[in-house]
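First up is the structure itself, then whatever we jot down about it.
FYI, it's all coordinate maths here, none of it is from the lab. This one's a predicted model, so the numbers in the text were calculated from it and none came from an experiment. Cβ: placed from backbone, ideal geometry, glycine included. Neighbour counts: every protein chain shown.
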Amino acid sequence: MSIWIDIAVQAPAHSQVGGLLTYRSPVRVQAGQLVRVPFGQREVLGVVWAIRDQAPQDMPTASVRDVLGILEGLPPLDAHWRQLVQFSAQYYQRSLGEVALSALPPQLRDLTSEQLARRLKKQKTERTVQTSPGPALSPDQMTVLDQMATGTGPFLLFGSTGSGKTEVYLQAVERMLATDPQAQALLMVPEINLTPQLEERVQARFGSEAVVSMHSGMTPAQRLKGWLAAHAGHARIVLGTRMAIFASMPHLKLIVVDEEHDPSYKQQEGARYSARDLAVYRGRLHTAPVLLASATPSLESWHLSRPAESEDPGGRYQRLLMPSRIGTGLLPKVRRVDMNKQARRAILSTQLVAAIQERVERGEQCMLLLNRRGYAPVLHCADCGWKSECQHCSAFRVFHKIDRTLRCHHCGLTERVPRACPECGNADIAPIGRGTEQLEEHLGELLAHVLRPDGTPVRIARIDADTTRLKGALERQLSQVHSGEVDVLVGTQMIAKGHDFRRITLVAAVNPDTALFSSDFRAPERLFSLLMQAAGRAGRDAAQSATSEMWVQTFHPTHALFEALKKHDYPAFAASELAERTAADLPPISHQALLRADARTQEAAQALLNAARETLQAHLSADPATADLVLQVSVYPAVPMSMQRVADVERAQMLLESSSRMALQKMLWHLHNVLHQVRSQPEHKGVIRWLVDVDPQAI
Ligand code: ADP
Ligand code: ZN
Ligand code: ZN
């Protein structure tokens, strides 16, 4: 006897073998089991997706190949997990096999049944949860937990920085474990490396046995171990980055998404999924409450949690509020410095330098934020106009003074800084603009005479992608800040997120203006949340919070964004942004998808997109069943991407927009078919690839 089964295997993206392949098995198998199957000349891992009740009709049965083996000892991936994968593949327009296989730990692909059996034997089956008591809850925290207990969610917890949100997550997990001893919780964070403290805090509360982490910084062996523990139900709490949304957790009963606004929840390659949005979907599948939390929620979640109002029935999320900091902690006072009144080209205003000096002399810490690494973004020759452009990208190469290089941050091209202008030989080429490296150097000069209370000289440190390249470097640098070895910390947005620095009393945004006038409609939202987050690093110790300050150096001090920041008024900011988005019919009011094409020339990239667009519209209009779709979904002509060329590849994009998510999804389905057809035409040979980004984060 043999049975026919459909199996998900990792197929190259957009290959015709997108979905499932049929195999034959001489033995009984169950959906969700992992198997090894022949695929072309190779042997690959597959997930049994469905058992067929009859032989395939569309192919000669003799050509169906046999399953080579079953990974024994592993319980099948359950129906919820398979449903999550299926939904993600469909919604984000990727093949089922690709999503399924990339959701599994990579090492699983290489193990034989025997090796796997050995790993499984080593597993601790008895993982005890040892809950240590937390602090007595604040009234706000108590109210929020009660609301969670009586409502169904999804919940959006809008709580200021330092209001005790993390404590709410921990107590929610504790309550869940108290009612269901088998239950599992998924705690998602944007980036684990940035918040090692959270990992410690969760382990301290529930015992290190019960908690596993999942993020890309782990070794393949560690990832497999954690995955197996979650899959078997032994690990009770999974703490992870966006990839953890696909963890197999058979007893999942609670999902928390910390800093839910953070763009790193959106995967930017392969299946471009939003782990935050999938969390809401997954919660519904498992009937598990979902708690999204932030001090500056995404406008999407804010809009979805709006209260009912006359005509409007309100959003489907429930909004929970924790407006004040724990204890007597106050939010920092926001001070705007009008840079129009400073010396021309001043990097730091005199007032800010004086304020930093004063704090350092009192033994307090300061943090300066500049969202640009390197020494200067461009080198320039004043004689002939030469600039340090990258030959391969539509971008300038950044000057790094430390090793005297010019580096392209897009393709990685790195060269020694030329001694003289490569065009005209002028020896006097100069940096324009500034990055963190220059800010650090400049501060060193300005504060050279400043002493700490113990009489030793001020210590300045920098944290950005350049200083943290080596493994463990970030942890080391952060711990220097925590221990007080550093007085002034300079860095990119890396330092603004999540850290619980206790002694920082002054935070300054050195040059936040560029985001005010960006072509990306999400830039103000990003800037506002970055500045609120940054402000949240100041005065976390209640004793010092009354004197803590957030400084903003700007040429536009009366800009509405800074006015709202001054009042720590996210709702006011959100209301005005949403009004603009509504007027312009932008997300979250409408829904978007991007189709992108990469080619050797811009014309070729755009030609594919425009051909797809025309074919699609002709095809849909011709059929009365789909003619409506053309009216419901706007498909815009192809344009170059804002980063038009990267590593000699030209990139173009086409925007699709609709007020109906469903209509947009239907359109994408048709588009997918059209693309396969158009792409195979000889005139589009020059196209390297195309891809779809649903709910893109940047346009
Ligand atoms: P958030 O996640 O909102 O930034 P945290 O949960 O990190 O806030 O809380 C900020 C600080 O307050 C932490 O040091 C935390 O230990 C402390 N904290 C939180 N809740 C309480 C409470 N109920 N009683 C005392 N301290 C608390
Ligand atoms: Zn020159
Ligand atoms: Zn480049």
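Structure above, values below:
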quantity: Label point at LYS387 placed 7 Å out along Cα→Cβ; residues across the stretch 395-423 whose backbone nitrogen lies under 16 Å; calculated: 395-399, 407-410, 422-423
quantity: 23 Å Cα-Cα reach of LYS566 towards lysines, excluding residues that sit fewer than 8 places from it in its own chain; calculated: LYS165, LYS333, LYS341, LYS497
quantity: For the stretch 139-297: relative contact order, % (alpha-carbon pairs under 8 angstrom, 6 or more apart); calculated: 31 percent
quantity: Virtual spin-label span in nm between GLN182 and ALA149, 7 Å along Cα→Cβ; calculated: 2.4 nm
quantity: Highest to lowest packing among 154-164, 368-378, 28-38, 206-216, scored as the average C-beta count within 10 Å; calculated: 154-164, 368-378, 206-216, 28-38
quantity: Cα principal axis extents for the stretch 51-143, largest first, Å; calculated: 68, 37, 25
quantity: Cα-derived Rg to Rh of the chain, Kirkwood definition; calculated: 0.98
quantity: Gap separating the Cα centres of the stretch 210-286 and the stretch 629-653, nearest whole Å; calculated: 32 Å
quantity: Whole-percent pair-distance distribution, where bins are 5 Å wide, for the alpha carbons of the stretch 378-432; calculated: 5, 23, 31, 26, 12, 3
quantity: Using alpha-carbon coordinates, inclination of helix 220-231 to the longest axis of the chain, degrees; calculated: 70 degrees
quantity: Approximate spin-label separation THR456-PHE517, in nm, with each point projected 7 Å along Cα-to-Cβ; calculated: 4.5 nm
quantity: In degrees, nearest ten, helix 350-361 long axis to first principal axis of the chain (Cα); calculated: 90 degrees
quantity: Debye equation applied to the C-alpha atoms of the stretch 429-554, log10 I(q)/I(0) at 0.17 Å⁻¹; calculated: -1.03
quantity: Extended-chain gain in nm, criterion 0.36 nm per residue less alpha-carbon gap, SER132 and GLU563; calculated: 150.9 nm
quantity: Inter-centroid distance (Cα atoms) of the stretch 144-168 relative to the stretch 290-336, Å; calculated: 10 Å
quantity: Sites ASN340 and SER634, calculated FRET efficiency, Cβ-Cβ separation with R0 45 Å, nearest 0.05; calculated: 0.65
quantity: Alpha-carbon Rg with Dmax, taken over the stretch 139-322, Å; calculated: 15.7, 56
quantity: Karplus (6.51, -1.76, 1.60) ³J(HN,Hα), θ = phi - 60°, over the stretch 576-587, in Hz, Gly and Pro reported as x; calculated: 6, 5, 5, 5, 5, 5, 5, 4, 8, 6, 10, x
quantity: Antiparallel DSSP beta bridges within the chain, as percent of all bridges there, nearest 5; calculated: 55 percent
quantity: Dipole in debye (nearest 20) - the stretch 139-322, about Cα centre, beta carbon charges: Lys, Arg +1; Asp, Glu -1; calculated: 520 debye
quantity: Note, ³J(HN,Hα) from phi for the stretch 176-187, Karplus 6.51, -1.76, 1.60, rounded to Hz, x at Gly and Pro; calculated: 4, 5, 5, 8, 9, x, 8, 4, 10, 10, 10, 10
quantity: Net lengthening on full extension, ALA465/ARG175 (0.36 nm per residue, minus Cα-Cα); calculated: 100.5 nm
quantity: Built amide H within the under 5 Å cut-off of ARG335, gap 5+; calculated: MET550, TRP551, VAL552
quantity: Solvent-free Debye scattering, log10 I(q)/I(0), computed from the Cα coordinates of the stretch 591-694 at q = 0.12, 0.17, 0.20, 0.24 Å⁻¹; calculated: -0.37, -0.71, -0.95, -1.26
quantity: Inter-label distance, nm, simple model (7 Å from Cα along the C-beta direction), GLU614/ARG661; calculated: 3.5 nm
quantity: Dipole magnitude of the chain, debye to nearest 20 (Cβ charges: Lys/Arg +1, Asp/Glu -1, about Cα centre); calculated: 1300 debye
quantity: Helix-only CD estimate at 222 nm, as mean residue ellipticity for the chain, using -39500 (n - 2.57) per DSSP H run (n ≥ 4); calculated: -9500 deg cm²/dmol
quantity: Relative contact order of the chain, pairs being alpha-carbon contacts under 8 Å that are 6 or more residues apart, as %; calculated: 11 percent
quantity: For the stretch 378-432: relative contact order, % (alpha-carbon pairs under 8 angstrom, 6 or more apart); calculated: 36 percent
quantity: Tilt relative to the chain, helix 523-535 - C-alpha long axis, 0 to 90 degrees, to 10; calculated: 60 degrees
quantity: Neighbour cut-off at most 11 other Cβ (10 Å), DSSP loop, trypsin sites (Lys or Arg not before Pro), the stretch 240-338; calculated: ARG316
quantity: Global form of the stretch 235-346, assessed from the alpha-carbon gyration tensor, a/c cut-off 1.5; calculated: prolate
quantity: Options LEU299, LEU177, GLY491, ranked by Cα towards positive dipole end of the chain, top entry (Cβ charges); calculated: LEU177
quantity: Electrostatic dipole magnitude of the stretch 336-441 [Cβ: Lys, Arg +1; Asp, Glu -1; Cα centre; debye, to 20]; calculated: 160 debye
quantity: Sequence-distant residues sharing a close amide H with GLY69 (under 5 Å, placed H); calculated: ARG36
quantity: The stretch 67-139: GluC sites (Glu not before Pro) in DSSP coil with no more than 10 other Cβ atoms inside 10 Å; calculated: GLU126
quantity: Separation of alpha-carbon centers, the stretch 54-118 and the stretch 544-611, rounded to whole Å; calculated: 40 Å
quantity: Cα Rg, Dmax, the stretch 1-156, angstrom units; calculated: 20.9, 69
quantity: Neighbour-limited loop hits for trypsin sites (Lys or Arg not before Pro), the stretch 420-515 (at most 10 other Cβ within 10 Å; DSSP other than H, G, I, E, B); calculated: ARG469, LYS471
quantity: Hull-based mean projected area of the stretch 105-225, where the convex hull spans the alpha carbons, in square nanometres; calculated: 9.2 nm²
